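The values are calculated or read from the model by the stated rules, or taken from the named source; none is laboratory data. Worth saying up front: this structure is predicted, and the values here are computed from it rather than measured. Cβ: placed from backbone, ideal geometry, glycine included. Neighbour counts: every protein chain shown.
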Amino acid sequence: MANFNIPQPASHSGAHRTNPPYTPQTPSQYIPQQREYQMTPRKLFRIGEVMRYSGLSRQTVHNYTLLGLIRETARTAGGHRLYSEDVFGRLERIKELKKTRTLREIRRLLDREEQG
C-alpha cells in the first residue's frame, strides 16, 4: 500500500493538527472536496497589444474592425477599443485566408461560419 503525504495547511493557532479531516491511504480513496470557484475575468487587449502579439499594424487592426472581420469586446471609459483573446485566433485565420481570398470573401465566409 502506497503512503501518500499530502501537505496540510498550517493552523492559524500554531498548534499541530493531529487528526486531519481526511488523509487518503490510496489514490482511489482521495475524493477532492467541492470548492466554490469564482470566474476569473478574461484578459482584454488594447489595440497596441493586439498589434504587438499579431504583428499587424494599427491601421490593419482598425480596418479589420471597421470591416467587421474582427470585433471589439468592450471599450474603456476613454473610448479605446478592447479585444478578447479570441481575436488572435481569428486574425490568424484571416491571415491564412488572405492568401487565396479577398477581404470581402473572407468576411462572408466568417459570417457564414458564425451563423451555423
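Could you check, for segment 95-108, whether at least one of its residues is modelled with pLDDT of 65 or more and in contact with a His (Cβ under 8 Å, 6 or more places away or on another chain)? No - not one qualifying residue is present in segment 95-108.
Just so you know, in segment 87-107 the residues that are without any contact (Cβ under 8 Å) to a residue 12 or more places away in the chain and surrounded by 12 or more Cβ atoms within 10 Å (Cβ to Cβ) include one that is nearest to residue 41 (Cα to Cα), and it is 95.
Taking segment 74-86, which residues are surrounded by 14 or more Cβ atoms within 10 Å (Cβ to Cβ) and among the charged types (D, E, K, R)? Walk me through how you get there before you give the answer.
Residues of segment 74-86 that are surrounded by 14 or more Cβ atoms within 10 Å (Cβ to Cβ), as a first pass: 81-84.
Once the filter is applied, which keeps residues that are surrounded by 14 or more Cβ atoms within 10 Å (Cβ to Cβ) and among the charged types (D, E, K, R), segment 74-86 yields only 81.
On the basis of being in contact with a Leu (Cβ under 8 Å, 6 or more places away or on another chain), in a loop (DSSP other than H, G, I, E, B) and exposed (fewer than 15 other Cβ atoms within 10 Å of the Cβ), does residue 71 make the cut? No, not satisfied.
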